[in-house]
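The next block holds one structure in the form of structure tokens; read it before the comments.
Derivation of every value follows stated rules applied to the coordinates shown; laboratory data play no part. Remember, it's a predicted structure, so these values are computed and weren't measured experimentally. Note that we place each Cβ from the backbone using ideal geometry, even for glycine, and neighbour counts take in every protein chain shown.
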Amino acid sequence: MRVAPSAIPEVLLLEPRVFGDERGFFFESYNRRAFAKATGIDVEFVQDNHSRSVRNVLRGLHYQLRQPQGKLVRVTLGAIWDVAVDLRRGAPSFGRWVSFELSAASKRMAWIPAGFAHGFLVTSEAAEVQYKATDYYAPEHERTLLWDDAALAIPWPLAGAPVMADKDRLGRPLAEAETYP
């Protein structure tokens, strides 16, 4: 597995070693020892999530104030534009964001540590996203950062208006958001 830090060093882009031949391909999408060795991060994942969305669906930017979740994100169908926003007030990168394309074709994965808001936009006809989480989903602790906050100025690669849930449309701007110490 190759690991590349993003502009925010704690957010990582992972490229698994893929073995392919005329039959197709094989790769380990997760191996705890290999992940810890490659990243220096030894976490326990307690929940796997899987979503399917169509083009222009924007999910996020979500985070949990208590029970924050680290996420290992990958796409098994289609492509997304994935975004992580640092909400750790004491961090030098507080309020900054990073993004990258994840796709089934590239097989790249993203490590989004706890303390970050996370969201994605589907850029293909449809996309299936799977992610492992380091803590359980707790709806009472979930918060949403406003996806189009002018202070963040995230240039979402939209083809028209996004398709969103009300909770995502009504997120809070960074200046009003509850954040981590």
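Key figures for this structure:
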quantity: Tensor-based shape of the stretch 20-65 (alpha-carbon gyration tensor, a/c under 1.5 rounded, otherwise prolate or oblate); calculated: oblate
quantity: Positive minus negative residues near residue 5 (Lys, Arg vs Asp, Glu; Cβ under 14 Å); calculated: 0
quantity: For 163, 54, order by how many other beta-carbon atoms lie within 10 Å, fewest first; calculated: 54, 163
quantity: Shape category assigned to the stretch 66-105 from the gyration tensor of Cα positions, a/c cut at 1.5; calculated: oblate
quantity: For 28, 128, order by how many other beta-carbon atoms lie within 10 Å, fewest first; calculated: 28, 128
quantity: Cα centroid of the stretch 11-72 to Cα centroid of the stretch 133-166, whole Å; calculated: 19
quantity: The chain shape via C-alpha gyration tensor axes, a/c threshold 1.5; calculated: oblate
quantity: Ranked list, fewest to most other Cβ atoms within 10 Å of each Cβ, for 77, 13, 58; calculated: 77, 13, 58
quantity: Percent RCO, i.e. relative contact order, over the stretch 45-176, from Cα pairs under 8 Å lying at least 6 residues apart; calculated: 39
quantity: Cβ-derived FRET efficiency at R0 35 Å, residue 161 paired with residue 44, nearest 0.05; calculated: 0.35
quantity: Paramagnetic reach from residue 1 in the stretch 48-74 [backbone N under 15 Å; point 7 Å along Cα→Cβ]; calculated: 70-74
quantity: DSSP bridge orientation in the chain - percent antiparallel, rounded to nearest 5; calculated: 95
